[in-house]
Amino acid sequence: MGIREALKERRLFFDGGMGSLLQAKGLKPGELPETWNLLHPDIIVGIHLDYLKAGSDIVTTNTFGLNRFKYKKEQGYSVDEVAAAAVANAKRAVELAGHGFVALDLGPTGKLLEPYGTLGFEEACDVYKEVVRAGAAAGADLIIIETMGDCYELKAAVLAAKEECELPIFATVTLDEKGKMLTGGNVESVTALLEGLGVDVIGLNCGLGPVQLLPLIRKMVDVASVPVMVNPNAGLPRSEGGKTVYDIDSDQFAETMRVIAESGVSVLGGCCGTTPEHIAKMYAVCKDVPKPIVEKKERTVISSYSHAVEFGRKPVIIGERINPTGKPKFKQALKDHDMAYILNVGVAQQESRAEVLDVNVGLPGIDEPAMMVDVVKELQSILDLPLQIDTANVQAMEQAMRIYNGKPLINSVNGKRESMEAVFPLVKKYGGVVVALCLDEDGIPETADGRIAIARKIYDTAAEYGIDKKDILIDALCMAVSSDKNGALVTLETVKRVQEELGGKTVLGVSNVSFGLPMREHINAAFFMMALQNGLSAAIINPNSEAMMAVYDSFLVLTAQDENCGNYVGVYAEKEAAKKLVKEAEKKSESVKQQNEGTETQTESALKKSIIRGLAKAAKEAAGEALKNKEALTIINEEMIPALDEVGKGFESGTVFLPQLLMSAEAAKAAFAVMKESMEQDGVAQAKRGKVILATVKGDIHDIGKNIVKVLLENYSFDVIDLGRDVTPEKVVECAIEEKVPVVGLSALMTTTVPAMEETIRQLREKAPEVKIMVGGAVLTEDYAAAIGADAYCKDAMASVNFAIQCE
Ligand code: B12
């Protein structure tokens, strides 16, 4: 019986941890566990066998960290031979036990993907393909992709598995206690992505214990239409005497797993810290819990890297502005490859509360696939909104769907056979919700009956490709009322009937209706309200139009979809207050003075805003502007650091995610380069001063602050030796002795790296007692600096100069 049949029949059990068992058997720190497949096959077979005897149906190959970055032929072992040996070991155990399936294990590559890191998306796919090819050839029964913290990398792994073999795919991600992935995804967005990609079983593993995972897993069972699996750690880890211990025992583990089994989870197992004992106890208490029935949820969902957007609840606003039609400036931006312009159009729509952004870059004479890929990459690196890939060019569509970081909305397919044959296979492969236009070989029907018939035809054909009705949004099409007086009525009737007769969901490009008329916004707004009233699920509109958004907000209030009018009051009370302020300001006579102040604040906020938004080009430009009014150091202290502080606070409170943090850091660096140039120009040439070593301590990669300190010290003619970031205490000491340096400056930005700073100071005191040490970084305080033995705490870069001068 294959694993898919077994899954239909009964609950399945995975194995538990591998790494900790190997350590107990002598795996040394720094040694790669995967190599033991070749060096100690008997130990690996033994562990697999223990799990199979404990009740596991599936054993996971010892290949979690296997990839080309760690294994190269020239270093002794190739990816292929390790994968083949790992599968052979697992198969041997299955043979000895007389039952079981072998899951080829794929873990994170250990590298961040572009644009936040250096690993390209296609290269990530290739890295995984190597392992999949070898593992599948060696006879694995399924693929398990696990412990993923970044959904982009997860997508690369799933595509690699799909493109290299036909094996069933199980995929699990790791969430923190707030229910977020490292790069910000949550249960809903991961579910949308993985179901879209056609993964067989989805779930959660590692990171947390079963108790903490329980609420998150319940949420996943609520939204998923495929079986759910959970492999938790043996509770929460903590360090005790240099060893990792977990806070619950095997009995408590098993008991919580029983509750998880009863919550509708189909596949159970363990992760870090779990042993055959945990699995045996879990199996004993869970084996008789009836297997859950996995219900298909009729949810129409798309996602970005960070969140999901669902259709069919509150109407969804899709921003239409990233589209060259009728926009000469936008056309020019496309021709000039002016990404900053396009990004700004996106940012403005997000600020106007668009929930999805339409992306259309079709222009005669342009390489549309290349442009579409570039624009999608740029947008998804800065904005966290899901995108609607809007193109008639199938190649552009496929390339964009491939590199899109989530489950996209696709615009569009239509009732023509040719269109369906081109688009549906892409939707099946990459996942997505597709907009389906009510037209076919015979054109656009004049009646609602005709459009409904096309909608039915599209649903039926999609089903032949394995695409559910829920993943289709019917576009009833909206004709210009100036040329067809009944056009709007037919559209509205179609919208209503798709929902009532076909149980489907709808979308409309609303603005077409007013084509050829003056003051188009009046017609658009009125038609928008009528469409909403007829049950429209999503509207492609200009979210920057106050009239359109007023219709939307009012509609929510009037249809009881705005609890306590909270949304309405939130948006319009502020607007009303702002209007009053403007009026009052106009009355005042000191208009000239105010205008001046106004410009300055605008410039200030432009720099701050672009750093917060992560817009590097805009930050660079704003930095140049800001320098016209203020000195570099003042700008750094008053604008750049507060901007980064704001991002940091958001990160801490869970409203900002790592990708945004990285983009803000990049923007800050771009602005900082401008400041540096200005400071260098201002620098007064002086006689050379003494040497200063600067380093960010071991384990810490934050260096923006340290680099500012460096520029300022150099400005004051100090000879700075910059050891970079993540610097060991030994390296600092060695350099201090070798270069006979009187002052060392250390930077640490995290509570977790302050101990490394303390250790560096301790070693300096011991081996180079004459050196003066100054320290800085956001987490430090005067008291803390004194407590760890530093000579001086420098709250900013200027303080570092003053201290270095004092030491002369
Ligand atoms: C930008 C940033 C990043 C960037 C860093 C890019 C880079 N090249 O530096 C990236 C995105 C890579 C990053 C990664 C991470 N970050 Co970070 N990051 C920040 C952020 C938003 C701003 C830091 C900054 O540059 N500030 C601006 C500079 C100019 O200020 P500054 O460093 O304090 O420097 C001034 C003074 O302190 C002083 N000074 C600084 N150093 C020195 C040294 C000497 C010798 C002297 C004299 C003076 C001095 O002078 C400077 C100029 O005035 C902070 C939040 C914050 N507000 O601090 C979080 C923050 C530091 N990061 C945090 C975390 C958790 C992380 C990650 C672990 C996230 C993750 N899950 O992966 C990783 C860490 C990886 C690692 N091992 O280090 C946390 C730390 C929490 C804590 N209390 O320990 C913070 C506080 C955010 C938060 N609130 O949660 N981060």
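The values are calculated or read from the model by the stated rules, or taken from the named source; none is laboratory data. All of these numbers come straight from a predicted model, not from anything done at the bench. For neighbour counting, all protein chains shown are included, and Cβ atoms are generated from backbone atoms with ideal geometry for every residue, glycine included.
Summary of values
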read-out	value
Residue satisfying all of: in the range 497-513; under 16 Å from Arg321 (Cα atoms) and at pLDDT 95 or above; surrounded by the fewest Cβ atoms within 10 Å (Cβ to Cβ) among these	Gly509
Elements of type helices (runs of 4 or more DSSP H) contained in the range 466-560, each with 1 or more residues being of a type in the set (Ser, Thr, Tyr) and closer than 18 Å to Leu439 by Cβ	487-500
The range 614-636 - residue that is under 27 Å from the mean Cα position of the chain (by Cα) and closer than 21 Å to Leu712 by Cβ and, of those, surrounded by the most Cβ atoms within 10 Å (Cβ to Cβ)	Ala619
Criterion violated by Met229 - all others in (1) more than 19 Å from Gly17 (Cα to Cα); (2) part of a strand (DSSP E or B) satisfied	(1)
Lone qualifier among Lys706, Lys731 - being among the basic types (Lys, Arg) and under 33 Å from the mean Cα position of the chain (by Cα)	Lys706
Cβ pairs under 9 Å, 6+ apart, first in the range 629-651 and touching a residue at least 60 places away in the same chain (Cβ under 8 Å), second among the aromatic types (Phe, Trp, Tyr) and more than 7 Å from the ligand (Cβ to nearest atom)	Ile636/Phe672
Only one of Lys155, Lys72, Lys91 that is farther than 24 Å from Leu32 by Cβ and basic (Lys, Arg)	Lys155
Residues satisfying the stated conditions in the range 392-435, i.e. among the polar types (S, T, N, Q), closer than 28 Å to Pro445 by Cα and buried (at least 23 other Cβ atoms within 10 Å of the Cβ)	Asn411
Every pair of residues 6+ apart whose Cβ atoms lie under 8 Å, when the first sits in the range 752-777 and is of a type in the set (Lys, Arg) while the second is within 11 Å of the ligand (Cβ to nearest atom) and in a helix (DSSP H, G or I)	Lys772/Phe803
Residue match in the range 321-331 (condition: under 25 Å from Phe555 (Cα atoms) and either under 24 Å from the mean Cα position of the chain (by Cα) or buried (at least 23 other Cβ atoms within 10 Å of the Cβ) (or both))	yes
In the range 755-774, the residues that are of a type in the set (A, V, I, L, M, F, W, C), more than 6 Å from the ligand (Cβ to nearest atom) and crowded, with 22+ Cβ neighbours inside 10 Å	Met757, Ile761, Leu764, Ile773
Test: residue in the range 302-317 that is farther than 30 Å from Ala618 by Cα, without any contact (Cβ under 8 Å) to a residue 60 or more places away in the chain and assigned to a loop (DSSP other than H, G, I, E, B)	yes
Every residue from the range 64-82 that is part of a helix (DSSP H, G or I) and either at pLDDT below 95 or of a type outside the set (A, V, I, L, M) (or both)	Lys73, Glu74, Gln75, Asp80, Glu81
Any hit, the range 339-349, residues being closer than 30 Å to Val557 by Cβ, assigned to a strand (DSSP E or B) and either of a type outside the set (Ser, Thr, Tyr) or more than 29 Å from the chain's Cα centre (by Cα) (or both)	no
Residue list for the range 357-374, restricted to those being among the β-branched types (Val, Ile, Thr) and either surrounded by 23 or more Cβ atoms within 10 Å (Cβ to Cβ) or more than 20 Å from the chain's Cα centre (by Cα) (or both)	Val359, Val361, Ile366
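Yes/no per residue for (1) farther than 24 Å from Glu130 by Cβ; (2) of a type in the set (D, E, K, R); (3) in contact with a helix residue (DSSP H, G or I) (Cβ under 6 Å, 6 or more places away or on another chain); (4) crowded, with 23+ Cβ neighbours inside 10 Å:
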| residue | (1), (2), (3), (4) |
| --- | --- |
| Pro168 | no, no, yes, no |
| Val173 | no, no, yes, yes |
| Gly196 | yes, no, no, yes |
| Asp200 | no, yes, no, no |
| Gln212 | yes, no, no, no |
| Arg218 | yes, yes, no, no |
| Asp222 | yes, yes, no, no |
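Every residue, every condition in (1) of a type outside the set (A, V, I, L, M); (2) near the ligand (Cβ under 10 Å from one of its atoms), yes or no:
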site: Ala622; (1), (2): no, no
site: Leu633; (1), (2): no, yes
site: Asp645; (1), (2): yes, yes
site: Leu658; (1), (2): no, yes
site: Asp682; (1), (2): yes, no
site: Arg689; (1), (2): yes, no
site: Thr696; (1), (2): yes, yes
site: Gly699; (1), (2): yes, yes
site: Asp726; (1), (2): yes, yes
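So that you can scan it fast, the table gives a plain yes or no per residue for (1) aromatic (Phe, Trp, Tyr); (2) crowded, with 24+ Cβ neighbours inside 10 Å; (3) in a loop (DSSP other than H, G, I, E, B):
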{"site": "Ser20", "(1), (2), (3)": "no, no, no"}
{"site": "Leu27", "(1), (2), (3)": "no, no, yes"}
{"site": "Val45", "(1), (2), (3)": "no, no, no"}
{"site": "Asp50", "(1), (2), (3)": "no, no, no"}
{"site": "Val59", "(1), (2), (3)": "no, yes, no"}
{"site": "Asn62", "(1), (2), (3)": "no, yes, yes"}
{"site": "Ala84", "(1), (2), (3)": "no, no, no"}
{"site": "Val94", "(1), (2), (3)": "no, no, no"}
{"site": "Ala103", "(1), (2), (3)": "no, yes, no"}
